[in-house]
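Some notes on the structure that comes next.
The values are calculated or read from the model by the stated rules, or taken from the named source; none is laboratory data. Being a predicted model, the structure only gives us computed values, none of them experimental. Positions of Cβ are generated from backbone atoms using ideal geometry, with glycine treated the same way; all protein chains shown enter the neighbour counts. Calculation scope for accessible area: heavy atoms of the full protein, side chains included, ligands and nucleic acids excluded. Shrake-Rupley method; radii C 1.70, N 1.55, O 1.52, S 1.80 Å.
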Amino acid sequence: MPTSSSTTATAMRSVAQNGVLSQLSMREQHMGYTPSHDGRNQSSRVALTRVPGGQALGAPERHAAAHETMHAPHFGALTVALERQHQELDTRPLPLSADQEAQIAQLPPDFQASARRMLGGEQGLSPAGRAEAERRMANTFMMTARNGAPPAHGASPYEESAPSIRPESFNSMLVPPHLASQAHMVQMDMRRAGRPMPPVQVVPMEPMAVAPQYNAQNGAPVTIPSGIQAPGYGNAVFGQTREAGVDTHLVRVPPEFPPHR
């Protein structure tokens, strides 16, 4: 039964009360964080990225940027949500494409087996891996804040140099439906204590139009199937970028409550 003292509610309250520390501040205060194991960049267990916005940008550009923040390979927020340091998602080899099979058929018989092994290195999620991926992405919430500096967005992870976010800078807490009661409890607690608390916005669980690229600890890419379910953070963030850029802060929480009811 959801309570205001659950692990999820405690995490929500902590972020709402204390804001977000920069990675530099965490290092200076000797606070540890779990790095991403995507094999290409080092990012924190909480993806902190900046989405450009403002009237100078057209809606298609802002929409693409908001969704890239969630799904971009190697540093997207939902990509990081898939990772666990000691628990990889279950995978299985993907079948070769028709073109690859045709190419192998052109080779002498003695070389076909080795060619199939060379081309068959790509992995995909098993049914169990897909279910676990959806569970991990569902057990998150996202804080957004209107940033005051010029928008910055690119291929490198912004969170490595992002400044801290003060609690009063938050403009929303985005939550999937099964965490809504937790967020509303925290909101009432914060208001009773006279502390700033952003509005809670419930986002639907929906099929992802662009699936994130997940990388195993050894750096090998894992194919995420299209249509996998995840919280619709991208659309919610896009809706906030009309007037200014937006900082996003994704937090992973334990699977205390079922994501589907």
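For Gly58, the test of being more than 23 Å from Gln217 (Cβ to Cβ), surrounded by fewer than 17 Cβ atoms within 10 Å (Cβ to Cβ) and either among the acidic types (Asp, Glu) or at pLDDT 60 or above (or both) is passed. Restrict the check to segment 249-257 and report whether at least one residue is surrounded by 21 or more Cβ atoms within 10 Å (Cβ to Cβ) and more than 13 Å from the chain's Cα centre (by Cα). No; the residues of segment 249-257 include none that is surrounded by 21 or more Cβ atoms within 10 Å (Cβ to Cβ) and more than 13 Å from the chain's Cα centre (by Cα). Evaluate segment 235-250: report whether one residue or more is in contact with a helix residue (DSSP H, G or I) (Cβ under 7 Å, 6 or more places away or on another chain), more than 19 Å from Pro176 (Cβ to Cβ) and hydroxyl-bearing (Ser, Thr, Tyr). Yes, the conditions are met somewhere in segment 235-250.
Residues of segment 132-155 that are open to solvent by 60 Å² or more (accessible area, probe 1.4 Å) and modelled with pLDDT of 70 or more: Arg135, Arg146. Could you run through segment 37-51 and say how many residues are at pLDDT below 75, of a type outside the set (Ser, Thr, Tyr) and buried (at least 19 other Cβ atoms within 10 Å of the Cβ)? Going through segment 37-51 one residue at a time, the tally reaches 4.
Residue by residue, here is whether (1) of a type in the set (S, T, N, Q); (2) at pLDDT 70 or above; (3) closer than 24 Å to Gly232 by Cα holds:
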residue: His30; (1), (2), (3): no, yes, no
residue: Pro35; (1), (2), (3): no, no, no
residue: Gly53; (1), (2), (3): no, yes, yes
residue: Ala64; (1), (2), (3): no, yes, yes
residue: Ala72; (1), (2), (3): no, yes, yes
residue: Gly76; (1), (2), (3): no, yes, yes
residue: Arg84; (1), (2), (3): no, yes, yes
residue: Leu89; (1), (2), (3): no, yes, yes
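For segment 116-131, a residue qualifies if it is touching a residue at least 12 places away in the same chain (Cβ under 8 Å) and more than 27 Å from Ile228 (Cα to Cα), and exactly one does: Arg116. Answer yes if at least one residue in segment 243-259 is out of contact with any strand residue (DSSP E or B) (no Cβ under 6 Å at 6 or more places or on another chain) and among the basic types (Lys, Arg), and no otherwise. No - not one qualifying residue is present in segment 243-259.
Note on segment 80-106: residues that are open to solvent by less than 50 Å² (accessible area, probe 1.4 Å), part of a loop (DSSP other than H, G, I, E, B) and out of contact with any helix residue (DSSP H, G or I) (no Cβ under 7 Å at 6 or more places or on another chain) amount to 1. Give segment 202-221 a look and list any residue that's modelled with pLDDT of 85 or more and buried (at least 16 other Cβ atoms within 10 Å of the Cβ), or say none. Within segment 202-221, Val202, Val203, Met205, Met208 qualify. Contact map, segment 228-240: first residue more than 18 Å from Gln213 (Cβ to Cβ), second residue assigned to a helix (DSSP H, G or I) and basic (Lys, Arg), Cβ cut-off under 9 Å, separation 6 or more or different chains; pairs are Phe238/Arg62.
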